[in-house]
Amino acid sequence: MKVKKYLVLVTLFILPIVAYLFFASGITNFGKLAILTSGVDDVTNMDGDVTFKDNITILGFLGNDPNNTNGNAFNLNQKIYKRFYAFKDFQFVMVMPKGMEEEATELKKELGLLVDMSKWNFVFGDENQINDFFNSLETDIQLEDDLSTPYAFIIDKELSLRGRSEDEEEATLYGFNATSVSELNNKMVDDVKIILAEYRLALKKNSADRQK
């Protein structure tokens, strides 16, 4: 009878704790977003008022034809920005060619009907600036002729491009296709959560170390 009691106790109390520790260690070991490119150019090269430094940034390239890319902006706004903008070190940066300032203002006004737009930033550059800046990401993605891409990218506080080095569908996932709501929901949301958690865990650890 005593043996049975011990077995019951092990089943009810010990095994769940072991299972929790197993999965928790898995999250600690594998719950980090891969660094795909280090030393990405800072957007300050085009706009001195905006920087990647000390921010977790969602980066996009909207090009010079809003009819082709505004839908991507709305998808990112609904699925990503609205969910995470309350984090103080989180921001959006959208790159557009010079001459598109009025279109950017109109787009921001339309998006602002749904959410506070204070973390949305538009940056403007000439064709060479935008191409050079995009190339610093070192991805397998190409800009369209209108200087746009449907892909959005995650840039960390140290100016590194983050993504998936081993995606289930692609060998390396550099960016997230904003035309696909399912990709934003199923991949990008998770990856933004991971990088936010990563920095918050690091902040807690630094605070704990200072208190020792």
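Considering only the stretch 145-187, how many residues are in a loop (DSSP other than H, G, I, E, B), among the polar types (S, T, N, Q) and farther than 27 Å from Gly99 by Cβ?
Quick first cut of the stretch 145-187, residues in a loop (DSSP other than H, G, I, E, B) only: 145-147, 156-160, 165-172, 174-175, 178-180.
Remaining after also requiring among the polar types (S, T, N, Q): 160, 165, 172, 179-180.
The next check asks that each one be farther than 27 Å from Gly99 by Cβ; those that pass are 160, 165, 172, 180.
The total comes to 4.
Say we look at the stretch 119-144 and pick out the residues that are open to solvent by less than 80 Å² (accessible area, probe 1.4 Å), in a loop (DSSP other than H, G, I, E, B) and of a type outside the set (Lys, Arg); which of these is nearest to Leu161 (Cα to Cα)?
Residue satisfying both the conditions and the ranking: Leu137.
So if I check each of Leu161, Leu147, Leu173, which one is in contact (Cβ under 8 Å) with a residue 40 or more places away in the chain, over 12 Å from Gly60 (Cα atoms), aliphatic (A, V, I, L, M) and open to solvent by less than 40 Å² (accessible area, probe 1.4 Å)? It would help to see each step written out before you state the result.
Working: Leu147 fails: over 12 Å from Gly60 (Cα atoms); Leu173 fails: in contact (Cβ under 8 Å) with a residue 40 or more places away in the chain.
One residue alone meets the criteria, Leu161.
Residues of the stretch 29-45 being part of a loop (DSSP other than H, G, I, E, B) and modelled with pLDDT of 95 or more, which ones? First the steps, then the outcome.
So the first thing to find is which residues in the stretch 29-45 are part of a loop (DSSP other than H, G, I, E, B), and the list is 31-33, 38-42.
Those that are part of a loop (DSSP other than H, G, I, E, B) and modelled with pLDDT of 95 or more: Ser38, Gly39, Val40, Asp41, Asp42.
Can you name the residue in the stretch 111-136 that is of a type outside the set (S, T, N, Q) and without any contact (Cβ under 8 Å) to a residue 12 or more places away in the chain and is also farthest from Ser38 (Cα to Cα) among such residues?
First pass over the stretch 111-136, keeping only residues of a type outside the set (S, T, N, Q): 111-117, 119-120, 122-127, 130, 132-134.
Subsequent filtering for residues that are without any contact (Cβ under 8 Å) to a residue 12 or more places away in the chain retains 112-113, 117.
Details: Gly112: 33, Leu113: 36, Met117: 29 Å.
Across the stretch 111-136, the extreme among qualifying residues is Leu113.
The values are calculated or read from the model by the stated rules, or taken from the named source; none is laboratory data. Remember, predicted model here, so these are calculated numbers, not experimental data. Using ideal geometry, Cβ is built from the backbone for each residue, glycine included, and neighbour counts are taken over all protein chains shown. Remember, those area values only see protein heavy atoms, side chains included, never the ligands or the DNA or RNA. Shrake-Rupley method; radii C 1.70, N 1.55, O 1.52, S 1.80 Å.
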